[in-house]
Amino acid sequence: MQATTFWALSALFLLLQIALVGWLLRQRRALLPGSREAAVVQTELVWTLVPAALVVALALMAAGLGRASWSRPRLVDAPARVEARGLP
Amino acid sequence: MNPPNPAPTLSAAAHEPATAPASLARDLLELTKPRITTMAVISVAAGYTLGSRGPVALALAGAVLCAATLLASGASALNQWLESETDQWMTRTASRPLPQGRLASSVALGFGVLLVASGLVLMTMAGGALAASIGLVTVALYVLAYTPLKRTTPLCTVIGAVPGALPPLMGWAAGAGSLTAEAWLLFAILFLWQMPHFLAIAWLYRDDYARAGQPMLPVVDPSGAATARQAVLYAAALLPVSLLPSVLGIAREPYFAVALVSGVALLVASLRMGLTRSMADARLLLRVSILYLPVLLGTMVWARQPF
């Protein structure tokens, strides 16, 4: 349940992110280059892309991709069932 | 942007240096921004506890927190020393010791350098070289990058959020001796949290910032639309990221519920401010964000999974 909630909220955030970036890009095209409004849109684009980079990097780490090193075994990595075998 | 008029609270008694030891002590304390320092030390404590293997050694933890207090206080003093001129144009900061002339500029500089230097020495001894290096980077970014950039670009907030998010990393390094992915997760939480928190402050004091010639986002975008969008966006990013300690097994189940509820509260407060852009809702967002961090970090420490 926890992992599902995390992935669902991450997906929602990314949808919001994509919508905002698309809207900002359209705004930028419509504005006069070099104008004050265009500068504000440019600034907001940078603001907008920073959390996306963070969330994507953390999602990759959480999914076990990349080279992140965890200091303890992750619960998600733990085997679901441990078999005990006696000596033959 | 040139400041047109000084802040109205600038007293006529300005530029009379303080002599009484009690008032000097009060002014020096004010130079350390005690509330911001407390918040930074809380996040160092959280990082230290979460990074430590086994039970926390109280004497060592105390020394690390002392060092963190010295570093945060010193950085604040140096920040006020650098901003003594612009502080006099802002109602919020005009009563500080330097713009009021209650402290000599050289005293503030010396005090700040002394605090940072002693903090670095103590952090090296108690927390190790890695933690001290992170402390040095934090102070350098705050004083030499964020503070001067406040006068030139609204992106200073994003850059300033980096030293703002480094304290738990310093605590983790002091407790664990190295930086692992969990430490960066704490960094990400602190980084994202600062945006709705700071944007609420910037919206509340936008006239002050404009008067001081500091182009914060609400100053360059007076409609507040960009401020509102960014506060909501960062709160929306913080929500899933704050759940990760539970998802990844760093904190036990109760943390998940607390993170979810407090994250939704922060998002709702950001949405409210975004929709109304009223001072009352900006104040509400500020209060929620101030409560959010200690609640989240406290629960994370309380519910931490032992190594």
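None of the figures in this text is laboratory data; all of them are computed from the coordinates on show. Model, not experiment: these values are computed from the prediction. FYI the Cβ positions are ideal-geometry reconstructions off the backbone, even for glycines, and counts take in every protein chain you see.
So the values come out like this:
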read-out	value
Kirkwood hydrodynamic radius of the protein assembly as shown, Cα pairs, Å	22.2 Å
Förster radius 25 Å - calculated FRET efficiency between B:Leu24 and B:Thr91 (Cβ-Cβ, nearest 0.05)	0.55
Charge dipole (debye, nearest 20) of the range B:179-277; +1 at Cβ of Lys and Arg, -1 at Cβ of Asp and Glu	200 debye
Scattering profile of the range B:35-99 at q = 0.23 Å⁻¹ [log10 I(q)/I(0), Debye over alpha-carbon scatterers]	-0.91
Förster-model FRET efficiency, 45 Å R0, B:Arg35 and A:Thr5, C-beta, rounded to 0.05	0.85
Cα→Cβ-extended label distance, 7 Å offset, between B:Leu114 and A:Leu12, nm	5.2 nm
Dipole of chain B, positive end: most advanced residue of B:Ser105, B:Gly164, B:Leu144 [Cβ charges, Cα centre]	B:Gly164
Neighbour-count order for B:Lys33, B:Lys150, fewest beta carbons within 10 angstrom listed first	B:Lys33, B:Lys150
Leading residue at positive end of dipole, chain B (Cβ point charges), from B:Ala176, B:Leu120, B:Ala20	B:Ala176
Normalised contact order of chain B, rounded percent, pairs of Cα under 8 Å and 6 or more residues apart	20 percent
Estimated dipole of the protein assembly as shown in Debye, rounded to 20 [Cβ of Lys and Arg +1, of Asp and Glu -1, Cα centre]	560 debye
Per-residue [θ]222 nm for the protein assembly as shown (sum of -39500 (n - 2.57) over DSSP H runs n ≥ 4, rounded to 500)	-23500 deg cm²/dmol
Within the range B:51-132, trypsin sites (Lys or Arg not before Pro) in DSSP loop having at most 13 other beta-carbon neighbours inside 10 Å	B:Arg53
FRET efficiency, 1/(1 + (r/R0)^6) with R0 35 Å, evaluated for B:Ala145 and A:Leu45 via beta carbons	0.95
Computed Rg/Rh of the range B:73-160, alpha carbon atoms with Kirkwood Rh	1.03
Charge dipole (debye, nearest 20) of the range B:101-249; +1 at Cβ of Lys and Arg, -1 at Cβ of Asp and Glu	280 debye
Overall Cα dimensions of the range B:144-300 - principal axes, largest extent first, Å	46, 35, 18
The range B:245-260-the range B:217-243 distance, computed between alpha-carbon centres (Å)	24 Å
Shape box of chain B [Cα atoms, principal axes, largest first, Å]	59, 48, 30
Part-to-part distance (alpha-carbon centres) for the range B:156-201 and the range B:42-61, which is given in Å	16 Å
Estimated vicinal HN-Hα couplings, Hz - the range B:213-223 in sequence order (Karplus 6.51, -1.76, 1.60; Gly, Pro = x)	x, 10, x, 5, 3, x, 7, 7, 10, x, 5
